[in-house]
Each structure stands twice: as C-alpha cells, then as structure tokens.
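Student: Below: one structure in structure tokens.
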Amino acid sequence: MVVGVRSCLLKYRYMETSGVYEAMNLADFLIEATGRLPDHTALRFDREGISFLEMDRRVDALVRGLGGKGIGLGDRCILMMPNSIEWALVYYAIARLGAVVVPVNPIYRKGELKHIFSDSGAKAFIGHTDYLAEAMPVLESLPEISIRVVNGEPVPAGCIPLSGLFDYSQDAVTYAATAAADPLAIIYTSGTTGLPKGAVLTHGNLMGDVLAVSGLRASEPGDIVLSALPLFHIYGQTHALNLSIYSGLTLRIWDHFDPGEIIAAIEEEESTILYAVPTMINRLVEQATVSPPRRSSLRFCVSGGASLPLEVFRRFEEIFATWIMEGYGLTECSPTCLENPPGRTRIGSIGFPVPGFRARVVDDDDRDVAPGEVGELLIAGPGVMKGYLNQPEATAATLKGGWLHTGDLARQDEDGYFYIVDRKKELIIRGGYNVYPREIEEVFYEHPAVLEAAVLGVPHDDLGEEVAAAVVLRPGAEVSQEELREFVKERVAPYKYPRVIKLVDELPRNSAGKVLKRDICMDD
C-alpha cells in the first residue's frame, strides 16, 4: 500500500480526450466535505446521526482495521448488509484501501450467492448477522474467501466482529494511491436474462457520474436527502450516498421502505429531497390518498430505476406540491446518463444526456435513425463501465464501437428530448406488428381501479405472440378482465389491446423495483 496525500481539495479534472475523470479516490468526496462542513450531520439512520468529521474519523479507523487483516489494493470484498451507517463506513473504507467492493442484496439465496461469491473472486466477506443463514454454507464451500467479518451479534466461529476492527490507536492513516481507471465496485446486474453479470465500475466512473448530475440537482445547504433505496444498488450508492457526501448534505436512510414513515419525514423535516423508484412513488401516492400529508417539505423528487407511469407522475406532484425529475440510467453507466433539466421537464421523457455524456438512437446496424423513429439507445460518457467481469464476449458486444448498447428502445423528438419506448427484448411482435408494452401499460394506469400493470407477450400458434397483461387492482376495487380489456381496446389500435388479462395480488420485482416479467405466469 502507498501512503496517499490527504487534502481538502478534490484532485479531479475532466479529460475531453479520454472521456473520464482523473481522480485520486472516490473517498476524496468525504475528505472535501469534512474540510468544509466538519460538524454538519452526514448520515442519519434510525435514531443515530454522525457528522462528516465523525464519519471521516470512523472510516479511517476502519481502514486501519481492515488493512491490518490483509485487505489492500485490488482485493475484492463482498459487502452484504442492509442499509445502515456501517454500510457507508465500510464502503468508504474499502475505497480508501484501494480495494473493490462487491455489494450484494442480503436477502439473496444460496444459488444466487454462490454465483456472485465465486465469480467475483472475492477475498473478504463483510455481512450482517441477521443475513448469514444463506451465506454461511456458500462461504464454507469457498475457502478462498478467507477474511470474514460480521456486523451484529452473535458472531459465528471463524468470523471477526466488525465493531472490533475500528482502530483509533493512532493519528496516521495509510491510503492506497488509486487512479481513475482503477476498479472500485463490481455490481451484479439484476439478471433479467441468464446469470447476473458483474459490471466493473471504476473510481472515475462513479465520481464522474456524481459530478455529471450534481449541477442538475439545485440542492440547498439545509436539505435533508430522504432515501430507502438499497445501498447495494447503484442508484442508492451514486445518488443517495455519494452525491449527498459530495454535496455536503445530510442523508437520512432507512433499511426498508414504509410509505407512512417516508410521509412522516416529509411532514416533519424543513426541506427535503426524495430519491425513489416508481414503485415507491406509487405507494406514497396511495398512502397520501388515504391520509393526506399535513404539509410537504419536498423541494423535488428524483425518480429512477424504471419508467414512471404518467398518471402516477401527475398525482404525486399534485399531492406533494413538488416536481419530479425523471431520468434514465443503468448499472453499466454508474448509473445516470440522461435526465430532464430543472425547469424544463417534459413529462414522459428521460430528457437530455447529462454533462459529459452522449446518446444516440440507432437501427440494427448501429446507424442513426431520424427523429421520431424508434431504435436502440446507445450511450457514451464518463460513467460507462470498464466491462463485465470474466465476460470478454459480452463486454465486446455491449461496448461495441465505443458505445454502450443499452438494449432499450427509444426515440428522440425534434427538440432533442429522448423517450424510452420499451426494452428491446420485451418488444411484442403480434402477427408482424410491433407492440410496445409500456404504451399499453400507460393506458391501464388511466383506469381508476388499476394500481399496477405489466404487459408482456405470450406464445401464440398463429400470430407468433399475443399481447397479455397482469394487473393489480387498488384495494377494494372491483373490475372484470372483460371490462379492462374493453377499456384498453377503446384507446389503442386493434392489434395492440391485450386479449389475455390476469388479475394478480402483486407483480414480481427485483431489488431495484423493476418488474420481472419473466417470472409472471399467465396460466390460469
């Protein structure tokens, strides 16, 4: 390990030629914020809060402890804990050590964990005692993960308590000297098709995305950032955690999403910013419809992770007297690459490329299509991943020609705004006609009885595919499949409306809130 230079000045610069940020280390964000606002609260969780100075001190103590156990430059570390202050401390300590964090959903099962643990080549595991039942058998089969740290009680045999690794015994601290191109995180994609792939994100990627979107947020010094987004997900890491640290804002986090608790926070705080996914926003609208908030402290809300239905968009803004910034991102982009600019939001659009990023809509031969035409969305910019771990062919295909091929279908209007039409692989081809599921889902959301809807293709002997829909009704609502079918039929072309509709209690989702259409069974 190399002793790094501590400074309250960020050492980054944008390189127009390479398209990346030359950066010492993402944890410099914490150093700079501590220098400016040492006594300002950095993190709040449950009833605990810590200042930037205290966070910086605890991260240094953990750097000494983890470094003393042999974690150093390039070592991969599984981080498998629910949201907490400790999660953030471990994350920043790993960054300062020059090691690589592999964030994992703590509720994953053995099969999911075995793939990630082995594929990542991890040397260390840092987990929470409440989520070890599935992880421990996998660890026992992987002796190469030799360093095992546990937060909470009890601590299993062979594991080290996290609380015992905070070393405050000396003032000096040793950091690794990292460059922009050095990996910081390996984040496994949700795996909507096949086994999840590990997207390798560098210090430059993650810093670059924070810097790209920071100018769009228009935050104020007294803002409290509210987030129940899981920190193991890229959205929670970049926007809730890293952007708050960079901006010197207090981040109030939860380890679960409870709409009542979020609304209570919106009522009690003076000035707030909410980061959420559409499912959360929908649930907040439903809760507020039953019990309207006494007041709203929300200055704005950022929605990401999936497309937000227009009807939910409008209802949220009206109820909470605020506005929503909707953009577009994916794990492979760290994540945000397009967003609606403040004051120029166009509902239904994902806006424009954020500073430093570029976007194109192309046909199957990667040729640009005309405005208004649908094609695949391609992205280039500082947040684009280094590649997929252990997947050279997938990396080459995804980063073909220097552009990230997102797999999303999009169009661009005459004013330059981009719109997501659907996932390329979710396009339904019914008797030779293209049907975009999102268009039909938007129609379902206009029905007063519908809470959620997912449209997908099912096999058909004659047409190839038939349009089908799984629908969740609002509590207490009653409507038949035939009534819903007629409602949609009246509003779309004849080939588009779903012939098959199934009423379900809930839609299957991944940890990011995205609906897993592959897990929807349309059989009776």
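Student: In whole Å, what are the Cα extents of the chain along the three principal axes, biggest one first?
Tutor: 73, 54, 49
Student: Express in whole angstrom the spacing between the alpha-carbon centres of the stretch 22-49 and the stretch 141-161.
Tutor: First find each Cα centre; the distance between them is then 28 Å.
Student: Give me the distance in nm between label points sitting 7 Å out from Cα along the Cα-to-Cβ direction at L310 and R346, one decimal.
Tutor: Roughly 1.3 nm, to one decimal.
Student: How big is the stretch 428-519 by Rg and Dmax over its Cα atoms, in Å?
Tutor: Just the Cα atoms of the stretch 428-519 yield Rg and Dmax of 12.9, 39 Å.
Student: Considering just Cα atoms, how many Å³ per residue does the convex hull of the stretch 147-281 enclose?
Tutor: Details: hull volume 27.6 nm³, N = 135.
Looking at the stretch 147-281, the number lands at 204 Å³ per residue.
Student: Can you tell which of A99, N205, T250 lies farthest toward the positive end of the dipole of the chain, using +1 and -1 charges on the Cβ of basic and acidic side chains (Lys, Arg; Asp, Glu)?
Tutor: A99
Student: Now, a different point. Let me know the longest stretch in the chain that avoids all GluC sites (Glu not before Pro) found in a DSSP loop with at most 14 other C-beta atoms within 10 Å. Don't skip to the answer; put the middle values down first.
Tutor: Details: sites that count: E16, E144, E270, E373, E414, E446, E478, E490, E506.
That would be 17-143.
Student: Please give the net charge around R499, taking every other residue with its beta carbon less than 10 angstrom from that of R499, where Lys and Arg add +1 and Asp and Glu add -1. Mind showing how you got there, number by number?
Tutor: On the way: positive: R430, R485, K489; negative: E466.
Residues near R499 contribute +2 overall.
Student: What Kirkwood hydrodynamic radius do you get for the stretch 12-197 when you take the inverse of the mean 1/r over all pairs of distinct Cα atoms, in Å?
Tutor: 17.3 Å
Student: Using a Förster distance of 25 angstrom, determine the FRET efficiency expected from the C-beta separation of R109 and K425, and round it to 0.05. Walk me through the intermediate numbers first.
Tutor: Numbers: r = 25 Å, r/R0 = 0.99.
It comes out at approximately 0.50.
Student: Might you report the magnitude of the Cβ-based charge dipole of the chain about its Cα centre, with Lys and Arg at +1 and Asp and Glu at -1, to the nearest 20 debye? Could you put the intermediate results ahead of the total?
Tutor: Values: 50 positive and 72 negative charges, 236 e Å.
So the dipole magnitude of the chain works out to roughly 1140 debye.
Student: Also: Using 0.36 nm per residue, how much length does the chain from A218 to S163 gain when fully extended, once their Cα-Cα distance is taken away?
Tutor: Length gained between A218 and S163: 16.1 nm.
Student: Let me ask you something else. List the aspartates and glutamates whose Cα lies under 14 Å from the Cα of K69, skipping any in the same chain that are fewer than 8 positions away.
Tutor: Answer for K69, where 14 Å is the Cα cut-off: D167, listed by chain and number.
Student: Need the C-alpha centroid separation for the stretch 463-524 versus the stretch 376-448, integer Å.
Tutor: 22 Å
Student: Over all alpha-carbon pairs of the stretch 205-424, lay out the pair-distance distribution in 5 Å bins, whole %, shortest bin first.
Tutor: Histogramming the stretch 205-424 at 5 Å steps yields 1, 7, 15, 19, 19, 16, 11, 7, 4, 1, 0 percent.
Student: Dipole magnitude of the stretch 205-424 about its Cα centre, charges +1 at Lys/Arg Cβ and -1 at Asp/Glu Cβ only, in debye to the nearest 20?
Tutor: On the way: 18 positive and 30 negative charges, 54 e Å.
The dipole of the stretch 205-424 has a size of about 260 debye.
Only the coordinates and a few stated rules stand behind these numbers; no lab work does. Keep in mind that what you see is a predicted model, and the values were worked out from it rather than measured. No Cβ is skipped: glycine too gets one built from the backbone with ideal geometry, and neighbour counts run over all protein chains shown.
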